[in-house]
Amino acid sequence: MVAVNVNVPPHALRPAETSRVDLLLIADMVAPGARVLDIGCGDGTLLRLLAAKRDVDGRGIELSQAGVNSCVAQGLGVIQGDADTDLAYYPDNAFDYVILSQTLQATYSPRQVVEQLLRIGHRAIVSFPNFGHWRVRTQLLFGGKMPRTDNLPDRWYDTPNIHLCTIKDFLGLCRDVGAKVERAVALNAYGSKLGVSMPLFMQNLFGEQAVFLLSR
Amino acid sequence: MSEAPTSQVLRDHSVRLDQIANPQSEIVHFGADEALPLDCGEVLGPYSVAYQTYGTLNADKSNLVLVCHALTGDQHVANIHPVTGKSGWWETMVGPGKPIDTNRFFVMCPNVIGGCMGSTGPSSINPATGRPYGLDFPVITVADMVRAQARLLDHLGIPDVLCVLGGSMGGMQVLEWAATYKDRVFSAVPIACAARHSSQNIAFHEVGRQAVMADSDWCQGRYLDEGKSPRKGLAVARMAAHITYLSDDALHRKFGRNLQDRDKITFGFDADFQVESYLRHQGLSFVDRFDANSYLYITRAMDYFDLAADHGGVLANAFQGTKTRFCLVSFTSDWLFPTEESREIVHALNAVAANVSFVELETDGGHDSFLLHEPELFDTIRGFVNAAARQRGIPEAEGWLP
């Protein structure tokens, strides 16, 4: 059932795209030749990477019109749309993987979005910035102000991130919606994976971002 | 309205009438034994389809790009128009090195049936009477137009289409192609269109048709027999329609309230304002190249277009099982076929998990934006069509020239 569909030839990959560790990690979680929907696909960086490395049949949804136009001009299959409202139009099990990369925290209804991901995809891959990271905690504790980090650079009044969560929070959501966590990886500030032997509270303290592979 | 000198009108008129029977295009004649079944229940035959081509069909016959023209367009996409002497309506899009590169693709545009540039229409001769059909021509639909095009490809031995694209009514044909001939359409680009003609759009068409029919020179559709032409009625129809193809902003930017060749208003009904003069010119130049009855028939075909109704009232059903790659394009300033209409099609395609791209382009040119110089539109089409070609394994154009 999996159609092999190479949207871009490997040489179209830009050098910088092989250096985003979180994207490479996501690519590693995707089976070759799979049907993939990338929600919040931006300028198509991950879709290009997946096409080059995993030979996927990839589609994208992107909120910004400029991002959509640039993707389509590169030959990627992308529509303008909103994770909060437009996932409802897809049928059940339409994709092998539905990816929500660094976007969940900017949605209005993260719970409904995660439920939709698991409805339209056999598996969902979700990555998000971890609000439990020690820098975030110490800024709020000692600075008394909303934290700003390299990962979360915006001021409280102009950030698109309205539903930030920690790794523990996200695990709670997975439990609430009945999602099975197949894999979870936390990355430190340098983009390296934290060792699997570290307990959850350490992952939640030292992980700057996390990538989850979920299934129903 | 000021008319051109009579001799000029007659010359244009005869040049235009020549195109009906002897178009400066390639043409395929289908005999009475190959009559085309129509949605209205009648059959059309014998009939002809005139078409233009650009580029070369490859050995696999896999590089055909089919362009569908709009209501008042024709097959002259990228060549000098035989009647107006102007360049083709999409020469910015189609040609060597252009977004649809004729060094790589074989581009074809057929004149729709019901038209007046060589494909059989109401001004063609009715073999039963030896006179022009007039209103005896059967009412045709967008599906009938597409059926005739599919038969043309059958006749030419071309099994399928790499990409079918078009704007406005051309976009409706694209949707019809994708819904009816799923296995023959590899990719599809419906631009500035809708899956059904809206009530407001039907209303505008009705104004145009009434203007034509109110002209006494229309002669109940028999004007060709009488040696007449409902020029005034058709010009008014075009003037009204032309407003709907533009936008308030574009008109304001272009004309504002500027006066035409005068310093102050005249307290009369001459064309005081530049916008009036512009519209009159649009109306008059249109009647020199278009047939009044064709205008009636083709506007009707658009009115009747409702893809969901043809598929049990659910638009997604029209695309069930499709493997076609779609790219929809709409324009922010298009109030005739607003973005919402395209988005509805996108949602229907999502519902069947089709491969769909959708781009809304910011323009102020209104519905006609697809005909204008819009670099983002060129980038979109170039990117999408080339990706489709790559998927299909069609080699890049050779040579180093741009």
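Between A:P199, A:P147, A:P110, the GNM of chain A built on Cα springs shorter than 10 angstrom shows A:P199 fluctuating the most. Our analysis of region B:222-305 gives Rg over Rh at 1.07, with the two radii drawn from alpha carbon positions and Rh computed by the Kirkwood formula. When restricted to Cα atoms, region B:10-82 yields an Rg and a Dmax of 15.2, 47 Å, respectively.
For region A:24-118, what log10 I(q)/I(0) values come out of the Debye formula at q = 0.16, 0.22, 0.25 1/Å, with one point per alpha carbon and no solvent? Listed by q, the Debye log ratios stand at -0.60, -1.15, -1.41.
Between the residues B:V236, A:C165, B:Q75, the greatest Cα displacement towards the positive end of the dipole of the protein assembly as shown, with unit charges on the Cβ of Lys, Arg, Asp and Glu, is found for A:C165. If you wrap region B:6-391 in the convex hull of its Cα atoms and look at it from every side, the mean projected area works out to 19.3 nm². Averaging over all projection directions, the Cα-based convex hull of the protein assembly as shown occupies 33.4 nm² in the image plane.
All C-alpha pair distances within chain A, sorted into 5 Å bins from zero, spread as 1, 7, 15, 19, 21, 17, 12, 6, 2, 1, 0 percent across the bins.
Pairs of Lys residues in region B:6-391 that lie 8 or more places apart, or on two chains, and have C-alpha atoms under 30 angstrom apart add up to 14.
Distant-in-sequence amide contacts of B:L361, defined by a placed amide H-H separation under 5 Å and a gap of 5 or more residues or a different chain, comprise B:S330, B:F331, B:T332.
Of all the options B:I345, B:I243, B:I100, the one that moves most in a Gaussian network model of chain B with Cα springs shorter than 10 angstrom is B:I243. Dipole check for region A:51-113: with +1 at the C-beta of Lys and Arg, -1 at the C-beta of Asp and Glu, and the Cα centre as origin, the magnitude is about 180 Debye.
About the Cα centre of region B:6-391, what is the dipole size in debye to 20, counting +1 per Lys and Arg Cβ and -1 per Asp and Glu Cβ, all else neutral?
The calculated dipole for region B:6-391 is roughly 460 debye.
Build a GNM of chain B with springs between Cα atoms under 10 Å apart, and of B:D101, B:D310, B:D33 the one that fluctuates most is B:D33.
Overall, region A:18-135 carries a charge dipole of about 280 debye about its Cα centre when +1 sits on the Cβ of Lys and Arg and -1 on the Cβ of Asp and Glu, all other atoms neutral.
A simple count of charges around A:L118, restricted to other residues whose Cβ falls under 14 Å of its Cβ and scoring Lys, Arg +1 and Asp, Glu -1, yields +1.
Counted over region B:44-132 with a bin width of 10 Å, the fraction of Cα pairs per bin, in whole percents, is 17, 41, 28, 11, 2.
Shown here: region A:61-116, whose C-alpha atoms stretch 32, 24, 18 Å along the first, second and third principal axes, sorted largest to smallest.
Of interest is the spacing of the C-alpha centroids, which for region B:211-241 and region A:159-216 amounts to 72 Å. Counting only DSSP beta bridges with both residues in the protein assembly as shown, the antiparallel share comes to about 40 percent. Projecting the Cα atoms of B:M213, B:L153, B:W177 onto the dipole axis of chain B, where Lys and Arg carry +1 and Asp and Glu carry -1 at the beta carbon, places B:L153 farthest toward the positive end.
A short reminder: the numbers here are calculations on the coordinates, not readings from a lab. Just so it is clear, the model here is predicted, and its values are computed rather than measured. Counting neighbours? That spans all protein chains shown, and the Cβs are built from the backbone with ideal geometry, glycine included.
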